[in-house]
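What follows is a single structure, written as structure tokens, with notes after it.
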Amino acid sequence: MSEVINANPLVQEELRDFIKAPRAGTGIYILDDNPLPVGGGNIAATQKELAVGTVMTDGSIFAGISPDTGREMYLTAQDAPLTYTFNDAADFAKSLTAHNQNDWRVPTKNELKVIFDNRAAISGFMVSDKPAWYWSSTQETSFSAWAQRFTDGHQVQRGENMASLLRCVRS
């Protein structure tokens, strides 16, 4: 059962009667179409699950559930401003403070696929008529890592010194 946290004890009592246990591994729900924070970063719910692409009150975007951790994934509202080598992408994400959060990182290969699959609902990717490669944090060798092309979803190993786009994630 989700725990309701709200400064108003009357609201807590009313919400406790309506919150359902989250689907295994998600903990994401919505109350009357307005996200409401509760314990552990979850969202309270009475009627429907939080939709991918929902802009949260802090400006980050709900991107789905991480296949690696089973936790909610949130993205920055926009891609990072430049293209980056693999190590520069990791450094940028690690040092990023956005949407009042400072625990951003490069998504894993599996998370990047979820983000690609949900790209229409998330929007804001720098995709045009040219290939748009995005880094994952998943290294294949000491000199290559996985990236995904957002024009068609193809995942490949790219040399870590090649420049690719970045959308930071937190979970």
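Descriptive notes on the structure:
- Estimated distance in nm for a label pair at S142 and V55, the labels positioned 7 Å out from Cα along Cα-to-Cβ: 4.6 nm
- Using only side-chain charges placed at the Cβ, +1 for Lys and Arg and -1 for Asp and Glu, the dipole size of region 57-97 relative to its Cα centre rounds to 60 debye.
- Formal net charge of residues neighbouring G124 (Cβ-Cβ distance under 15 Å; K, R +1; D, E -1): +1
Here, each number is a calculation from the coordinates, and none is a lab measurement. Everything numeric here is computed off the predicted structure, so don't read it as measured data. A quick note on method: Cβ atoms are made from the backbone with ideal geometry, for glycine too, and the neighbour counts reach across all protein chains shown.
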